[in-house]
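Asks: Could you have a look at this structure, given as structure tokens, before my questions?
Every number here is computed from the coordinates shown, using simple stated rules; none is lab data. Because the structure is a prediction, the values reported are computed rather than measured. As a convention, Cβ positions derive from the backbone with ideal geometry for all residues, glycine included, and neighbour counts pool all protein chains shown.
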Protein chains: 2
Amino acid sequence: MLDEGLDVGLRAVARRAGVSPAAPYRHFADKEALLSAAALEGFDALRAALVAVDEGAPIERVRALGVAYVVFAAEHPGWFRLMFSDQLERARHPALVRASRPPFSLLAAAIREAVARGQLRGDPRDLTRMAWSLVHGVAHLVLGGQGRGAGIDEEDVAGTAARVIDTALVGATRA
Amino acid sequence: MLDEGLDVGLRAVARRAGVSPAAPYRHFADKEALLSAAALEGFDALRAALVAVDEGAPIERVRALGVAYVVFAAEHPGWFRLMFSDQLERARHPALVRASRPPFSLLAAAIREAVARGQLRGDPRDLTRMAWSLVHGVAHLVLGGQGRGAGIDEEDVAGTAARVIDTALVGATRA
DNA sequence: TTGGATATGTAAACATCGTCAACACCCGGA
DNA sequence: TCCGGGTGTTGACGATGTTTACATATCCAA
């Protein structure tokens with residue numbers, strides 16, 4: 001529910017909750033644990049957002065999942081940044097890496113199925129790696145405002161994402 | 001030259017330089033300006049790294065540039081994170097967005113040429129957007145240690161990058 | 001040669017931050 | 001009844017970014 005950024009202070013959280021600065025330590029080991037918990041909620045929200053669009057023909061599901069991924073990042077920049085922040089020691093929060101799996105699995109499953117039904121060609125694992133990197137990259141560029149010169153439009157995020165995805169899949173798509 | 005991370009403190013920099021905590025303010029407006037200057041050096045280093053591999057047939061240049069981009073990120077994580085940090089207000093540092101153009105232009109030029117010579121098919125702008133997003137995404141996944149489950153190998157960064165790029169280009173490549 | 005501007009540094013202070021230790025309260029079960 | 005766990009507070013510590021006032025060094029012009 002709290003879609004903040006990385007610059008969220010522990011004290012600020014306490015302030016907004018109307019408690020003293022030390023109160024959060026009754027619930028979280030430290031600031032990183034607090035942020036980690038928020039990131040965990042983010043992964044669940046992402047999963048929900050992906051599930052919501054995961055329907056139709058496999059090839060369409062791949063497209064929709066990719067677009068939804070980028071749209072989620074644009075709509076919840078704080079969460080997204082937090083979820084993939086390098087400042088969160090992955091090793092210290094196994095729940096985080098666990099929570100990050102379902103979203104990925106949805107994409108992997110859709111691609112696998114698309115390949116199985118002959119709607120995509122190529123190695124499913126390679127395709128998944130590629131698609132994942134692609135949407136992750138678009139998301140980051142949109143969030144950072146970079147790629148503005150590259151024609152990555154921050155207004156029509158969904159359209160831009162769809163276009164990029166199509167460009168990548170055009171060769172792998174069976175006519 | 002200083003390939004640090006985002007967690008570089010202004011005081012820490014001063015300490016390492018053997019000066020007082022306030023000394024940096026003689027050279028930079030604030031911490032963000034300092035980091036921005038470091039990021040600027042990073043963009044120049046990236047440009048140099050890309051130029052160094054920008055030779056051969058256009059289609060090979062595209063591949064080499066993409067791989068070099070990811071390898072740069074892996075070899076200079078601090079710089080890379082800094083260069084694309086969301087915490088650096090792009091608008092306040094026009095030199096930064098200016099410095100970020102050359103690396104992109106190299107890729108755009110290689111793709112344009114590859115299309116012109118019939119080694120790639122598709123709209124050059126679309127292809128560039130896609131390729132840029134792709135390598136940017138791989139770089140971030142490698143740096144963050146995410147995508148480990150996705151088979152994004154952090155040991156053989158160059159090999160992984162090449163594979164992802166090939167997967168994306170296979171359809172756009174004229175046999 | 002002298003004098004003043006310019007560049008660079010320092011020390012001291014301020015507000016803020018993450019964190020911890022000691023203490024206080026409330027409330028449910030023996 | 002009491003007492004123990006969950007939750008909160010106060011106050012402090014060290015660290016940070018930043019500002020202000022003050023010092024020094026360097027170098028060019030009168």
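Asks: Using alpha-carbon pairs under 8 Å, 6+ residues apart, how would you state the relative contact order of the stretch B:91-175 in percent?
Replies: Relative contact order comes out at 28 percent.
Asks: Let me ask something else. Quick one, could you list the DSSP H helices from chain A stretching 24 Å or more along their long axis (Cα atoms) with average Kyte-Doolittle hydropathy of -0.5 or above? Don't jump to the answer; show the numbers that get you there.
Replies: Details: long enough: A:31-53 (34 Å, 1.07); A:58-75 (25 Å, 0.88); A:124-144 (30 Å, 0.46).
For chain A, where a helix must reach 24 Å along its axis and average at least -0.5, the hits are A:31-53, A:58-75, A:124-144.
Asks: Between the label point of A:Glu32 and that of the same position in each other copy, find the distances and list them shortest first in nm, with every label point placed 7 Å from Cα along the Cα-to-C-beta direction.
Replies: 2.7
Asks: To one decimal in nm, how far is B:Gly149 from the same spot in the other copies, if labels go 7 Å from Cα toward Cβ? Please give the shortest first.
Replies: Counterpart label points of B:Gly149 in the remaining copies fall at 3.7 nm.
Asks: Tell me, rounded to the nearest percent, the portion of alpha carbon pairs in the protein assembly as shown spaced more than 36 Å apart.
Replies: 21 percent
Asks: When the C-alpha atoms of the stretch A:1-93 are aligned to their principal axes, what extent does each axis show, in angstrom, from largest down?
Replies: Result, largest extent first: 52, 28, 19 Å.
Asks: Work out how far the C-alpha atoms of the stretch B:118-175 reach from end to end along every principal axis, then list the three figures in whole Å, largest first.
Replies: Between the extreme Cα coordinates on each principal axis of the stretch B:118-175 lie 36, 21, 16 Å.
Asks: Still on this structure, I have one more. Between copies, how far apart are the A:Gly56 label points? List them in nm, one decimal, shortest first, with each point 7 Å from Cα toward Cβ, please?
Replies: List, nearest first: 3.8 nm.
Asks: Still on this model: When the C-alpha atoms of the stretch A:56-120 are aligned to their principal axes, what extent does each axis show, in angstrom, from largest down?
Replies: If we take the Cα atoms of the stretch A:56-120, the spans are 41, 25, 14 Å.
Asks: Dipole size in debye (nearest 20) for the stretch B:83-175 around its Cα centre, Lys and Arg Cβ +1, Asp and Glu Cβ -1?
Replies: That gives a dipole near 520 debye.
Asks: So, one more: State, as an integer percentage, the relative contact order of chain A based on alpha-carbon contacts under 8 Å between residues 6 or more apart. Write down the numbers at each step before the final one.
Replies: Numbers: 183 pairs, mean separation 44.7, N = 175.
Contact order relative to length: 26 percent.
Asks: Rounded to whole Å, give me the distance from the Cα center of the stretch B:8-85 to that of the stretch B:103-130.
Replies: 25 Å
Asks: By the scheme Lys and Arg +1, Asp and Glu -1, what is the net charge of all other residues having a beta-carbon under 11 Å from that of B:Ala23?
Replies: Working: positive: B:Arg11, B:Arg15, B:Arg26; negative: none.
Net of charged neighbours comes to +3.
Asks: Also, I was wondering about something else. Which value, in Å³ per residue, describes the convex hull spanned by the Cα atoms of the stretch A:74-159?
Replies: Per residue, the Cα convex hull of the stretch A:74-159 comes to 123 Å³.
Asks: Loop only by DSSP, 13 or fewer other Cβ within 10 Å of the Cβ. Give me the trypsin sites (Lys or Arg not before Pro) in the stretch B:2-104 that pass, ordered by residue number. Present the calculation step by step, with values, prior to reporting the outcome.
Replies: Values: sites: B:Arg11, B:Arg15, B:Arg16, B:Arg26, B:Lys31, B:Arg47, B:Arg61, B:Arg63, B:Arg81, B:Arg90, B:Arg92, B:Arg98; in loops: none.
In loop regions of the stretch B:2-104 (DSSP not H, G, I, E or B), there are no sparsely surrounded trypsin sites (Lys or Arg not before Pro).
Asks: What's the long-distance tail for chain A, i.e. % of Cα pairs beyond 24 Å?
Replies: 42 percent
Asks: Once you keep just the Cα pairs under 8 angstrom separated by 6 or more residues, what percentage relative contact order results for the stretch A:1-93?
Replies: Rounded, it is 39 percent for the stretch A:1-93.
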